[in-house]
Amino acid sequence: MNEQATPRRISVFDTTLRDGEQAPGNAMTPDQKLELALLIAGLGVDTIEAGFPASSPSDFEATRLISKELAGTRFATFSRTARRDVELAVEAGGVDNHQVQMVATGSQIHLTHKRGITRHAAVREVVDTVRFAASLGVTDIAVGIEDASRGEDDLLRALTESAVDAGATCVILADTTGCHTPEEFGALIGKIRRWAPPPIKVSTHCHNDFGLATANTLAGLAAGADEVQVALGGIGERAGNTSLEEIAAVLAYKSEILGLTTGIRLDTMYPAYQRLREIIRLEEPRNKPIFGKYVFGTAAGIHQQGMLSDPSTYEYVEPARFGRERSLLIGRHSGRTVLRHLLEQLSVTVDEAELDELYRVHIAERAQGDCEDLSVVRDRLARDLGARTAGEALTTVGAGR
């Protein structure tokens, strides 16, 4: 890439409140959805999917609330390719600032075993529903092709071109089962991009069954997609969706290399995720990228030795950039370097024999299996070192907190 080129701005579509909520245990009330919608809007996303109004009174009400309160950020609704679904979506959210998204059937396996309809019928219902939405005054109409990753070219092309001819402004390609590799998904997006050239928007919707949702999404962007559908924390059906924070981080750090950028404010994502976790009672993951409990922490002595000298030795992704803090923890894999660091904080000097004994007691033969924060071990060290230094050390520690 030419370093002087301006990165291409990618649109971010958040599906936390719709696809994210569909997963078991993730149900939210309309008021909770409104609260999260406002938080997610503050992250800088371009579109927030409010829900599936025809599916339940709760989703209808959530859409109504969000449509009235959301300012400056577009909202979207999910519908089947059925007039009544679109009618309810418009009844709940109106037509202003509203993307009506309808789902098309994109594979033979879904046509046969889920819908029981022909390819011709699948195309016909898309055309009819898109035209109906336009007749209601909707100007932003998206057609999401479900299971597109297992669809055959003739069906995908017919759905895409018919939808665009009928008035669709966006085509979404869903790797519904998470079965694609980046090479496969990039090729799929490339074909759709040829069949639906700009100004039609092409969007990605990737699931994480192989752990490839982020990689597939990036491949889709490289192949010409304009938008990514993501969820905060990657929540969603089965293994979840592409994670908002992962895509935002990659495009922030690799913007020049990839030639892509977003409007996401990195330092606001973690508080929004924490609130999401509270609402849906989601357990805190230990090692999830960006949001994991210990993703910016280490208990390994070799790593700690480098990080105490310069954090960049083992820290490429910077915690402060995401509103987080790095942490050094004491565990059985810690070494003498971190002990020396704590002793310096306590203004205590010991010889090598004493250091070896402290290492044995506090690290090598730890009774506790889990890691502990440095401050906990520092206080224990101060006590164990005895009257010689404890009083002065504890005073110093207390003053520094």
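The values are calculated or read from the model by the stated rules, or taken from the named source; none is laboratory data. Quick caveat, the model's predicted, so the values are computed rather than measured. Please note: Cβ atoms are built from the backbone with ideal geometry, for glycine as well, and neighbour counts cover all protein chains shown. Surface areas here come from the heavy atoms of the whole protein model, side chains and all, with no ligands, DNA or RNA. Shrake-Rupley method; radii C 1.70, N 1.55, O 1.52, S 1.80 Å.
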- Item | Sequence-distant residues sharing a close amide H with D140 (under 5 Å, placed H) | V100
- Task: Return the single residue from E284, E344, E315 with maximal mean-square fluctuation; model: Gaussian network over the chain, springs between Cα atoms under 10 Å.
- Result: E344
- Kindly identify segment 1-134 as rounded, prolate or oblate by the Cα gyration tensor criterion: order the square roots of the eigenvalues as a ≥ b ≥ c, call it rounded if a/c is under 1.5, otherwise compare a/b with b/c, prolate if a/b is larger, else oblate. oblate
- For segment 65-116 versus segment 338-368, the gap between their alpha-carbon centres in whole angstrom: 61 Å
- Return the long-range amide H neighbours of G297 (sequence gap of 5 or more, or a different chain), with a cut-off of under 5 Å between placed amide H atoms. S327
- Roughly how many percent of the accessible protein surface of the chain is carbon and sulfur, given a 1.4 Å probe and a whole-percent answer? 50 percent
- Message: Rolling a 1.4 Å sphere over the protein heavy atoms, what is the accessible area per residue of the chain, to the nearest Å²?
- Response: 45 Å²
- Query: From the list (i) 156; (ii) 141; (iii) 164, can you say which value of volume of the Cα convex hull per residue in Å³ was derived from the structure given?
  - Reply: (iii)
- Message: Just to confirm the number: angle between the C-alpha axis of helix 83-93 and the first principal axis of the chain, 0 to 90 degrees, nearest 10?
- Response: 50 degrees
- Task: As a check on your grasp of the helix formula, calculate [θ] at 222 nm for the chain: sum -39500 (n - 2.57) over DSSP H runs of n ≥ 4, divide by the residue count, round to the nearest 500.
- Result: -12500 deg cm²/dmol
- Task: Take the eigenvalues of the Cα gyration tensor for segment 50-194, scale each by 5, and report the square roots as semi-axes in whole Å, largest first.
- Result: 26, 16, 15
- Task: List the pair-distance distribution P(r) of segment 188-241, using every Cα-Cα distance, as the percent of pairs falling in each 10 Å bin from 0 up to the bin containing the longest distance, rounded to whole percents.
- Result: 27, 48, 23, 2
- Do the alpha carbons of any pairs in K68/K201; K254/K288; K68/K191; K114/K293; K191/K288; K68/K254 sit beyond 30 Å of each other, and which pairs? K68/K191; K114/K293; K191/K288; K68/K254
- Query: Roughly what % of DSSP beta bridges within the chain run antiparallel, to the nearest 5?
  - Reply: 5 percent
- Where does helix 390-399 land angle-wise versus the long Cα axis of the chain, in degrees 0 to 90, nearest 10? 30 degrees
- Within the set A148, A300, A37, GNM on the chain using Cα springs under 10 Å gives the largest fluctuation to A300
- In whole Hz, the Karplus estimates of ³J(HN,Hα) for segment 180-197 (6.51, -1.76, 1.60; θ = phi - 60°; x where Gly or Pro) are 7, 9, x, 4, 5, 5, x, 5, 4, 4, x, 5, 5, 4, 6, 7, 9, x
- Message: Give me, ordered by chain and number, the residues 5 or more places off S79 or on other chains with an amide H under 5 Å from its own placed amide H.
- Response: Q101, M102, V103
- Query: Residue by residue, what Karplus-based ³J(HN,Hα) values in Hz, rounded to whole numbers, does segment 133-141 have, using 6.51, -1.76 and 1.60 with θ = phi - 60° and x for Gly and Pro?
  - Reply: 4, 5, 5, 7, x, 6, 9, 10, 10
- Item | segment 53-59 - phi-based ³J(HN,Hα) in whole Hz, Karplus 6.51/-1.76/1.60, Gly and Pro as x | x, 6, 7, 6, x, 5, 5
- Query: Using a basic spin-label model with each label point 7 Å from the Cα along Cα→Cβ, how many nm lie between V95 and R238?
  - Reply: 3.8 nm
